[in-house]
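Undergrad: Let me begin by handing over the structure; questions about it come next.
The values are calculated or read from the model by the stated rules, or taken from the named source; none is laboratory data. The structure presented is a predicted model; accordingly, all values stated were derived computationally and were not measured. Heads up, the Cβs are rebuilt from the backbone with ideal geometry, glycines too, and the neighbour counts pull from every protein chain shown.
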Amino acid sequence: MSFTISMTEAELIQACLQNDRLAQKNLYDRYKKAMYTVAYRMTGDFDAANDVLQEAFIKVFRALPKFRKESTLGAWIKTIVVRTALSRLRKAKPIESLEEHHTAGLIQWEQPLDVEYLEKAIQALPAGYRAVFVLIEVEGYAHKEVAEMLNISVGTSKSQLFYAKKKLRAMLEDFGYER
């Protein structure tokens, strides 16, 4: 198959399965930025995010023959990146288990939030809080999915999110944002 930048997802997958190195580079280039962002948000560390990205793409290329096309390629790759990041977080420090069940409402701020401050606050969260917050609030996973990924209960997922939001609220108020 001749390689072009405008390959469809199906053509790109097929070329990668045939060990076409240019297609593999194209697949990596298409998804690396978005997947690095996910890895960084999960790990909170630039070097760790690079390691996660590298390890995840090795897994992607090894598992590509098993890709069943039940979701988009990007969603499938993101799942691999998230699981790779979670595995790294588990090895570094176990996620705190909080069994209390809490619900957290929306936070209403008087002024618009600066993205830089919000990103700093998210990165300052403890690993367990950050993982749950990013997976639910940023990546859009449900508590049940997060609980399965992190091997925690749904109640722990909800509790971690509650405390993550509470801690974020406090940190952002320290940055000068008021509700």
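Undergrad: Right, Glu11: of a type in the set (Asp, Glu) and assigned to a helix (DSSP H, G or I) or not? Quick ask: steps written out before the conclusion?
TA: Working: of a type in the set (Asp, Glu): yes; assigned to a helix (DSSP H, G or I): yes.
So Glu11 passes the test.
Undergrad: Pick out the one residue from Tyr31, Tyr40 that is under 25 Å from Met171 (Cα atoms), part of a helix (DSSP H, G or I), aromatic (Phe, Trp, Tyr) and modelled with pLDDT of 90 or more.
TA: On the way: Tyr31 fails: under 25 Å from Met171 (Cα atoms).
None of the others qualify; the one that does is Tyr40.
Here's the yes/no breakdown for (1) surrounded by 14 or more Cβ atoms within 10 Å (Cβ to Cβ); (2) at pLDDT 70 or above; (3) over 20 Å from Met42 (Cβ atoms):
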{"site": "Gly74", "(1), (2), (3)": "no, yes, no"}
{"site": "Glu96", "(1), (2), (3)": "yes, no, no"}
{"site": "Glu100", "(1), (2), (3)": "no, no, yes"}
{"site": "Lys120", "(1), (2), (3)": "no, yes, no"}
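Undergrad: Just one of Met149, Met171 is at pLDDT 80 or above and more than 19 Å from the chain's Cα centre (by Cα); which is it? Can you show your working first?
TA: Numbers: Met149 fails: more than 19 Å from the chain's Cα centre (by Cα).
Within the list Met149, Met171, the selection yields Met171.
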